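Participant: Structure below; questions to follow.
The values are calculated or read from the model by the stated rules, or taken from the named source; none is laboratory data. Every value quoted in this text rests on a predicted model; they were computed, and no experiment measured them. Cβ: placed from backbone, ideal geometry, glycine included. Neighbour counts: every protein chain shown.
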Amino acid sequence: MRACRTLPSVATRDRILDGALGSFGTRGYDASSLDAIASELGVRKQTILYYFPSKEVLLEAVIDRSADELSAVLEGALVRAGVGWERVEAVVRSVFRLALRRPELLGLLREVSRLGPPAATRLTEALDPLVQRALHFLEAEMDAGTMRRQDARLVLLSAYSAVIGVATEVEVLRAVGMDPTLRSLAIRRRELLALLRSALLVHAPASLETEP
C-alpha cells in the first residue's frame, strides 16, 4: 500500500521536472516562472512548491537529472565505441542525436553556462567524472603520438563549446519557427567532425566520418 501511494508522487515530480526542463531549456531561466510552468502542466503553483520549495531548488533538481541523463547517453556511446578517434566521433554523434531527440536538454546546458555560479558550478561538479575521463583520454592519445600535443583542458573546453554550439542550433532554429532537416544536421555534424579531426589528429585520414 505504501508503494502504491508513492507512485503518483513520483509521477508528479517527474512531470514537474520535465516541464521545468522544457521551459528553462527553451525560454531561459529568467523568463520562466513557476506560475507559467504550473499552468502548462495543468497543476497549481503550490503543487510545484510542495516538491520544490523555490525556483532555485527546482533548477538544481533539473540540473542534477539532466546531468545524469547526459552522462548515461555519453557513457552508452563510449561503451559501443572503438578506440582513439572513434571515441571522439561517437561522443559527437550521440550529442547530435540528443539534439534531435531532446533539444531542451542541450538548451539547458547552454542556459546554465550563461547563468554562471552557483548553477554552472553544480553542473560542472555533476559532470566532473566525464570531464576527468575525457582529459585522461586526450592526454593518453597525445602521449601515444596520435593526437597533437596541446593543453588537454583547453582542447576539451573548445571542443565542448563547438559541439554544444552547433548542436543547439536545432533548438534555436525551432524557436524561430524553422524545423532543421536531418540532411542539414548531418552536414553540420560532418563539418564539425572534420574541424575537430584536423585540429586533434597528427595524421588525419581523408574520410570525414566512419559511418554515413
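Participant: I'm checking my understanding of the structure. Among residues of segment 74-128 that are more than 11 Å from the chain's Cα centre (by Cα) and polar (S, T, N, Q), which one is nearest to M147 (Cα to Cα)?
Facilitator: T124
Participant: Just checking, which of L182, L200 is modelled with pLDDT under 90 and more than 18 Å from the chain's Cα centre (by Cα)? Before you say what the answer is, go through the steps one by one.
Facilitator: Values: L200 fails: modelled with pLDDT under 90.
None of the other options fit; the residue is L182.
Participant: Consider segment 106-130. How many of its residues are free of Cβ contacts under 8 Å to residues at least 12 places away in the same chain and β-branched (V, I, T)?
Facilitator: Number of matching residues: 2.
Participant: Another question, if that's okay. Can you list residue pairs whose Cβ atoms sit under 8 Å apart, with the first residue in segment 78-105 being without any contact (Cβ under 8 Å) to a residue 12 or more places away in the chain and the second being in a helix (DSSP H, G or I) and of a type in the set (D, E, K, R)? Count only pairs 6 or more apart in sequence or on different chains.
Facilitator: Taking only residues 6 or more apart or on different chains, the pairs are A81/R87; A81/E89.
Participant: Then there is this: Taking interchain pairs and intrachain pairs at least six residues apart, which have beta carbon atoms under 8 angstrom, with the first residue in segment 47-61 and farther than 15 Å from R15 by Cβ and the second among the hydrophobic types (A, V, I, L, M, F, W, C)?
Facilitator: As it stands, the answer is K55/L34; L59/A20; L59/F24; L59/A119; E60/A119, since those pairs meet every condition given.
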